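The next block holds one structure in the form of structure tokens; read it before the comments.
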Amino acid sequence: MADYSGEKFRLQLAIQTGTYVKDNYSDEPAILRPLLKCFAGIPLDKSKSSWLDVGIFPSYIGFESTQSFDNKTLTRSLLAENSPYYMTGVRLSHAAGKNLSMTWYLLTGWQRITPIKGNSLPSLGWQWTYRTADFSNLNWSFFAGSTQPDANRQWRFINNFYWQYERNNWFLTAGIDLGVEQQFKGSSRYHIRRSPVIIGGYQWNTHWRTALRIEKYSDPNEVIARSSSGLPVVNNGISFNIDYMPVRELICRAEWRSLQGKHPVFPTSNSSVNQINPITISVAWRWNSKF
């Protein structure tokens, strides 16, 4: 990743490859798929408390990212897996003092680089984050837009709230996605999606950390999550992970996870089941260098 911030402008460029790109960027032009982040911005005041950026950004919805080092759990929550990982457009950010930051977005769509063909309207959004004096953050993110062309536009509205707290080596995150989408164009009736999650854990020392996650995902009308069996997606989950960091740049992680569905929505080699219990192991290395 290249990251530059100067007196007159800033920019970030990050390149990617792998199965994440194949799964999440299949609808984008091939030349744009390697772009994890690609944006440039200018400050709007001398104090650099306000910025105007244009390009591809990490998603502002939720508290998890694509970077393993940034997340308290090895796998990402059901909430994160069914919300955008990236957004494209224009954003205006402003730091209102030491505690409050506000960002407004004009976007090409819901996890889109190029707009959907036939959709003439941009999407809108904002993120407000308040950092309190007791080591906690309160966040509200909002999205309004459509994933359909004008001819059959169904409006989607998403509210994401989360609270994060860290003190004396303990950490806790509580979040929820509340989303609605019109059942059909012009409808006053909406399909509802809910996704609460709680993650708590303890940093034992500079090398060891553990975390427990409890979550639920309810999208019975398959607005975003669609199962291969065609059955409604209503799942509960629990996970426990152990992290070992021998040095600051290296993290070794192991996680047990159990996901239980109200219906058999998890595919296997020859059928679908309503419960899976995967064990995941990963090793991630981060290299930082300033030029």
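For segment 238-251: of the residues being more than 19 Å from SER77 (Cα to Cα), of a type outside the set (A, V, I, L, M) and in a strand (DSSP E or B), which is most open to solvent (accessible area, probe 1.4 Å)? Per the criteria, the residue is TYR244.
Would a scan of segment 121-129 turn up a residue that is at pLDDT 95 or above, of a type outside the set (S, T, N, Q), open to solvent by 20 Å² or more (accessible area, probe 1.4 Å) and within 25 Å of ASN236 (Cβ to Cβ)? Scanning segment 121-129, I find no residue that is at pLDDT 95 or above, of a type outside the set (S, T, N, Q), open to solvent by 20 Å² or more (accessible area, probe 1.4 Å) and within 25 Å of ASN236 (Cβ to Cβ), so the answer is no. Only a single item in (1) open to solvent by less than 50 Å² (accessible area, probe 1.4 Å); (2) within 30 Å of ASN235 (Cα to Cα) is not met by TRP51, and it is number (2). Taken together, the residues in segment 260-291 that are open to solvent by less than 60 Å² (accessible area, probe 1.4 Å), in contact with an Asp or Glu (Cβ under 9 Å, 6 or more places away or on another chain) and within 30 Å of VAL223 (Cα to Cα) amount to 2. Checking each residue in segment 15-44 for being open to solvent by 50 Å² or more (accessible area, probe 1.4 Å) and out of contact with any strand residue (DSSP E or B) (no Cβ under 7 Å at 6 or more places or on another chain) picks out THR17, THR19, LYS22, ASP23, SER26, ASP27, PRO29, ALA30, ILE31, ARG33.
May I ask you to verify whether ILE192 is part of a strand (DSSP E or B), within 22 Å of SER136 (Cα to Cα) and within 21 Å of the chain's Cα centre (by Cα)? No. What are the residues in segment 181-225 that are closer than 20 Å to GLN260 by Cα, in contact (Cβ under 8 Å) with a residue 40 or more places away in the chain and of a type in the set (Gly, Ala, Ser), if any? Those that are closer than 20 Å to GLN260 by Cα, in contact (Cβ under 8 Å) with a residue 40 or more places away in the chain and of a type in the set (Gly, Ala, Ser): SER195, ALA211, ALA225.
So which of ASN169, ASN160, ASN139 ends up being surrounded by 20 or more Cβ atoms within 10 Å (Cβ to Cβ), within 21 Å of ASP70 (Cβ to Cβ), out of contact with any Leu (no Cβ under 9 Å at 6 or more places or on another chain) and of a type in the set (S, T, N, Q)? After ruling out the rest, the residue left standing is ASN139.
Only a single item in (1) part of a strand (DSSP E or B); (2) out of contact with any Ser or Thr (no Cβ under 6 Å at 6 or more places or on another chain) is not met by HIS263, and it is number (1).
A residue that is under 20 Å from the mean Cα position of the chain (by Cα), charged (D, E, K, R) and open to solvent by 20 Å² or more (accessible area, probe 1.4 Å) occurs somewhere in segment 91-107. In segment 159-180, is there at least one residue being over 18 Å from TRP110 (Cα atoms), among the acidic types (Asp, Glu) and without any contact (Cβ under 8 Å) to a residue 60 or more places away in the chain? Scanning segment 159-180, I find at least one residue that is over 18 Å from TRP110 (Cα atoms), among the acidic types (Asp, Glu) and without any contact (Cβ under 8 Å) to a residue 60 or more places away in the chain, so the answer is yes.
VAL180 falls short of the stated requirement of being over 26 Å from LYS117 (Cα atoms), not small (Gly, Ala, Ser) and not in a loop (DSSP other than H, G, I, E, B).
The values are calculated or read from the model by the stated rules, or taken from the named source; none is laboratory data. The model shown is predicted, which means the values in this text are computed figures rather than measured ones. We place every Cβ from the backbone using ideal geometry, glycine too, and count neighbours over all the protein chains shown. The area values use the complete protein model at the heavy-atom level, side chains included, leaving out ligands, DNA and RNA. Shrake-Rupley method; radii C 1.70, N 1.55, O 1.52, S 1.80 Å.
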